[in-house]
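Let me begin by presenting the structure, written as structure tokens, before commenting on it.
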Amino acid sequence: MVSSLHRGADVISALQFTRSDIERLIRLAEDIRRIYESGGRLDIARNKVMFTAFFEPSTRTRLSFQFAMIKLGGAVVDLGPEEVSSMAKGESPEDTLRTVDSYDPDIIVVRHREPGFALKAAEICRAPVINAGDGYNEHPTQALLDVYTMWRLFNRVDGLKVGLMGDLKYSRTISSLSYALSNFYDITIYFISPRELKPREEVLRVLDQRRVHYEFYEKPEEIMEKLDVLYVTRLQKERMSPSEYERLKGSYTVTYSYLAGFKKIPFILHPLPRVWELTPDVDALPQAHYFEQAKNGLYIRMALIKTILGL
Ligand code: CP
């Protein structure tokens, strides 16, 4: 597969990443991290402008992209909440993007609840578009930081046994992470979820085509001690009916006392935000790495911006 990460490229799906794309970004993220953590700066994006348009809420993705661009010396223009834009008057997201693209941003980061919206945005816009989440479909840059986090924890990704737990049907991080992991050798994915929340068929089809070994479980205790990583996700309340949410709410929760019952505790990751599925007492465990995972998003996004802007 030919690399799709180059100057001017759109980043729409984790399916477009090759193993060498991911490894190149990790090396670059590590170089950038060393510079910043030793007090240096890279002022390479001067006169470049990022436009961030989040039509769905976000803390980490929106702000880490904005921090990343500013730390590289560039500027950021944010669409802001719906009530301060002409969306409040009924303008469509497509017309909003078409208009802002005509102001000549160098990169556009977009999140929208509609699956496929990022691809539509890339077709509308001249500037390269980065998918910051399109409904339940994909979140490719989250997959980059997830794999980067695993690489930092193990100094490799090959051979890892990864438990993906929670809402595997509607969590876009699950599809993108599964696709990204499928580039590596000897990966085993353990899907752990209530029966109604198993991964979508299109995700499993890709894993079958790429000969990735996966298994299904309803409870993590069946395989906990085999896992290198337990990646927990929240129930995507915003993508299900109220009755579905009420039925499934509380159906899986990872707590300190639950984990303390195992002889071996895997590294615990979570894309965040968390609600009730991962209790704050877990933060005290040395295996809890989800806030470090969020921090890794800053460096991998700096690496991605540098690559897409050809700096
Ligand atoms: N992980 C993630 O996408 O977080 P936000 O929704 O806060 O961006």
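The values are calculated or read from the model by the stated rules, or taken from the named source; none is laboratory data. Source: prediction; values computed, not measured. Cβ coordinates were reconstructed from backbone atoms using ideal geometry, including for glycine residues, and neighbour counts include every protein chain displayed. Ligands, DNA and RNA are excluded from the accessible area calculation, which covers all protein heavy atoms including side chains. Shrake-Rupley method; radii C 1.70, N 1.55, O 1.52, S 1.80 Å.
Of the candidates 5, 25, the single residue that is under 25 Å from residue 203 (Cα atoms), at pLDDT below 95, surrounded by 18 or more Cβ atoms within 10 Å (Cβ to Cβ) and within 20 Å of the chain's Cα centre (by Cα) is 5. The set of residues in segment 291-311 being within 16 Å of the ligand (Cβ to nearest atom), open to solvent by 40 Å² or more (accessible area, probe 1.4 Å) and within 24 Å of residue 17 (Cα to Cα) consists of 292, 295. In this structure, residue 84 qualifies as β-branched (Val, Ile, Thr) and over 24 Å from the mean Cα position of the chain (by Cα).
Hey, does segment 75-90 have a residue that's closer than 23 Å to residue 172 by Cβ, of a type in the set (D, E, K, R) and in contact with a helix residue (DSSP H, G or I) (Cβ under 9 Å, 6 or more places away or on another chain)? Yes, segment 75-90 contains at least one residue that is closer than 23 Å to residue 172 by Cβ, of a type in the set (D, E, K, R) and in contact with a helix residue (DSSP H, G or I) (Cβ under 9 Å, 6 or more places away or on another chain).
Within 23 Å of the chain's Cα centre (by Cα), outside any helix (DSSP H, G or I) and loosely packed, with under 14 Cβ neighbours inside 10 Å: is that true of residue 39 in this structure? Criteria not met by residue 39. Could you tell me whether any residue of segment 203-211 is open to solvent by 20 Å² or more (accessible area, probe 1.4 Å), touching a helix residue (DSSP H, G or I) at 6+ places or on another chain (Cβ under 8 Å) and part of a loop (DSSP other than H, G, I, E, B)? No, segment 203-211 has no match at all.
If you check 163, 133 for being away from the ligand (no atom under 16 Å from the Cβ), farther than 20 Å from residue 18 by Cβ and not charged (D, E, K, R), only one passes: 163.
Identify all residues within segment 259-290 that are in a helix (DSSP H, G or I) and open to solvent by less than 70 Å² (accessible area, probe 1.4 Å); write none if there are none. 259, 260, 282, 283, 290 - these are the residues of segment 259-290 that are in a helix (DSSP H, G or I) and open to solvent by less than 70 Å² (accessible area, probe 1.4 Å).
For segment 91-105, the condition of being more than 19 Å from the chain's Cα centre (by Cα), farther than 22 Å from residue 210 by Cα, open to solvent by less than 20 Å² (accessible area, probe 1.4 Å) and among the hydroxyl-bearing types (Ser, Thr, Tyr) holds for at least one residue. Kindly indicate the residue of segment 45-73 that is away from the ligand (no atom under 16 Å from the Cβ) and touching a residue at least 40 places away in the same chain (Cβ under 8 Å) and also farthest from residue 122 (Cα to Cα) among those meeting that condition. Restricting to residues being away from the ligand (no atom under 16 Å from the Cβ) and touching a residue at least 40 places away in the same chain (Cβ under 8 Å), the top hit is 71.
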